[in-house]
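A short write-up of the structure that comes next.
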Amino acid sequence: MQDSFLNAYPKLQNSLQSQSGHSDISVAGLWLAHGDEPLLNQWLLDALRAIWQQQNYSITRVDLASVKTWQEVLSELGSLSLFDDATAVIVTGNHKPDKSISTELERFAQEAQSGNNNNSVLWLTSKLDKRAQKAKWFSLFATLGHVIDCNLYQEQQRQQILQVRAQQFGLQLTTDAWQLLMSHTEHHLLSAYQTLWRLSYLFAPTLAQSGVVSLDIDDLQAALVSNAQFSVFDLSDAMLAGNSSQVVKIIDQLRATDEPTPLVLWTISKDMRLVAQLMDGQDPNAIGIWRSKQSMYQAACRRQSPAEVAQWPDLLYRCDQAIKGVIRQPAWELLLQAALILAGKRLFATT
């Protein structure tokens, strides 16, 4: 059977949380997890390990130094324990089983399917290309075992996986809060997960009472904001108000306190996008501008011209390149330039 991490992982977790307190999922037989996201492989391993422990498995690990190391895997599967009900072998490495090993693994998988063998094998390997997935050894895992695809093919999948982890933490984020979180962590899976983990501790008292915490963009910003005198929301207000001296002061403070540059860019680009949409004739309510701030955005529109607004995407792109180190120009220098332009102050004449 072949499945994606996004489908398989919640099933394993739900099994652990069943009312019986004992997983009803059969983990005997062959398991293969392949992908270039190490965190997904680890999460899948953690879920299976918890089930193995519930079902009194002896757990061992084998690192493949060569194809011959598979003999060690087979030896572990054939060993008997006086204290454990079965054996689980975690296999790491990219050495594929040869024909003779595949024959032995096939026999093992058939015994597991018939209930004559409760042992389990989890092979963690890197992403397998289409050619590898046509090999006989892969077909063996796919037809007689479980193949879990631990790869991300769309950005949306990253957020869907994180939503599963957030739910486990008892956290519910609004759409805007998710956008802020992903931007703040530069769409990095581990960084975003660590942020969710810290949030669960920050809101632990509330979680203890209600079991779930709903977070909007203000809640998330308050949790993410550094110890700086100003936050990116103060920067937004200064830009929209056209207060260029305050913009300089805030940018300088954010830089001094190591505020994440992606978060600053997210704030500037969000306001630039909303101003551009207003100048294009869109309704402020329809594009999500709060009534209390609509007058500020309208004032920002009056300081700009369509020709100037047309140059904003290029400037934001250069900001992004600078943050990622693609160009040598300092990121904070470009961020200051973009913030001042939105405030109505141009450092350089445009042609």
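Values in this text are rule-based calculations from the coordinates and carry no lab data. Because the structure is predicted, anything quoted here is derived from the model rather than measured. No Cβ is skipped: glycine too gets one built from the backbone with ideal geometry, and neighbour counts run over all protein chains shown.
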Cα→Cβ-extended label distance, 7 Å offset, between Ala142 and Gln154, nm = 2.2 nm
How big, on average over all directions, is the shadow cast by the Cα convex hull of the range 155-224, in nm²?
-> 4.0 nm²
Fewest to most neighbouring Cβ within 10 Å: what's the order for Asp234, Asp258, Asp3?
-> Asp258, Asp3, Asp234
Before anything else, pin down the relative contact order of the chain: Cα pairs under 8 Å, at least 6 apart, normalised by residue count, whole percent.
-> 15 percent
Fully extended, how many nm does the chain gain between Arg273 and Asp46 (0.36 nm per residue separation, minus their Cα-Cα distance)?
-> 77.5 nm
Calculated FRET value between Ser305 and Tyr201, using beta carbons and R₀ = 35 Å, to 0.05 | 0.15
Can you tell me the Rg and Dmax of the range 2-149, counting just the alpha carbons, in angstroms?
-> 14.5, 43
Mean residue ellipticity (222 nm) of the chain, computed from DSSP H runs ≥ 4 via -39,500 (n - 2.57), nearest 500 = -17500 deg cm²/dmol
GNM of the chain, Cα pairs under 10 angstrom: of Ala135, Ala50, Ala28, the biggest fluctuation goes to Ala135
Any idea how far apart Gln71 and Gln294 come out in nm if each label point goes 7 Å out from Cα toward Cβ?
-> 7.8 nm
Arrange Lys293, Lys134 by Cβ neighbour counts within 10 Å, fewest through most, would you?
-> Lys134, Lys293
The range 53-76-the range 327-344 distance, computed between alpha-carbon centres (Å) | 55 Å
Most exposed to least, judged by fewest other Cβ atoms within 10 Å, Trp52, Trp312 sort to Trp312, Trp52
Gap separating the Cα centres of the range 168-201 and the range 102-125, nearest whole Å = 38 Å
The range 232-343 - convex hull of alpha carbons, volume per residue in Å³ | 92 Å³
Added length on full extension, which subtracts the Cα-Cα distance from 0.36 nm per residue, Gln110 to Ile25 | 28.9 nm
Net length gained if the chain between Leu16 and Lys127 were fully extended (0.36 nm per residue, minus Cα distance) = 37.2 nm
Could you state the principal axis extents of the C-alpha atoms in the chain, from the largest down, to the nearest angstrom?
-> 77, 49, 37
